[in-house]
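Here's the structure we're looking at; comments come further down.
The values are calculated or read from the model by the stated rules, or taken from the named source; none is laboratory data. This structure is a prediction, so every number in the text was calculated from the model and none was measured. Here the Cβ is made from the backbone with ideal geometry for all residues, glycine too, and neighbour counts use every protein chain on show. In case anyone asks, the SASA skips ligands and DNA or RNA and just uses the protein heavy atoms, side chains included. Shrake-Rupley method; radii C 1.70, N 1.55, O 1.52, S 1.80 Å.
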Amino acid sequence: MDLKYKWKNGYKPSRDEAAKNPHLLLDESQFENEQDRKLAEESARKHLGIPAPTLDEDKSILPH
């Protein structure tokens, strides 16, 4: 299965590259609005087998 969108750097990133760069896997110029881009990014993550980001992933799990 191939993705119907253009990758940001012109090539499909490896799973490790995509996991390290949490945002902007796809070329932004192909989308008319932010909502379409976000949906396409989610689809690209599923295509690469990367878990979707969670709302609290930036917060530390350790107590202060």
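Of all residues in segment 4-30, those that are within 17 Å of Ile50 (Cα to Cα) have Cβ atoms under 7 Å from Cβ atoms of residues that are open to solvent by 60 Å² or more (accessible area, probe 1.4 Å) and of a type in the set (Ser, Thr, Tyr), 6 or more apart or on another chain, in Leu26/Tyr5. Determine whether Arg45 is modelled with pLDDT of 85 or more, under 14 Å from Lys6 (Cα atoms), under 9 Å from the mean Cα position of the chain (by Cα) and outside any loop (DSSP other than H, G, I, E, B). So Arg45 fits the description; yes. For segment 14-32, residues that are more than 19 Å from Lys4 (Cβ to Cβ) and of a type in the set (Gly, Ala, Ser) total 2.
Scoring Gln35 on the criteria (1) under 18 Å from Lys4 (Cβ atoms); (2) surrounded by 10 or more Cβ atoms within 10 Å (Cβ to Cβ) leaves a single failure, condition (2).
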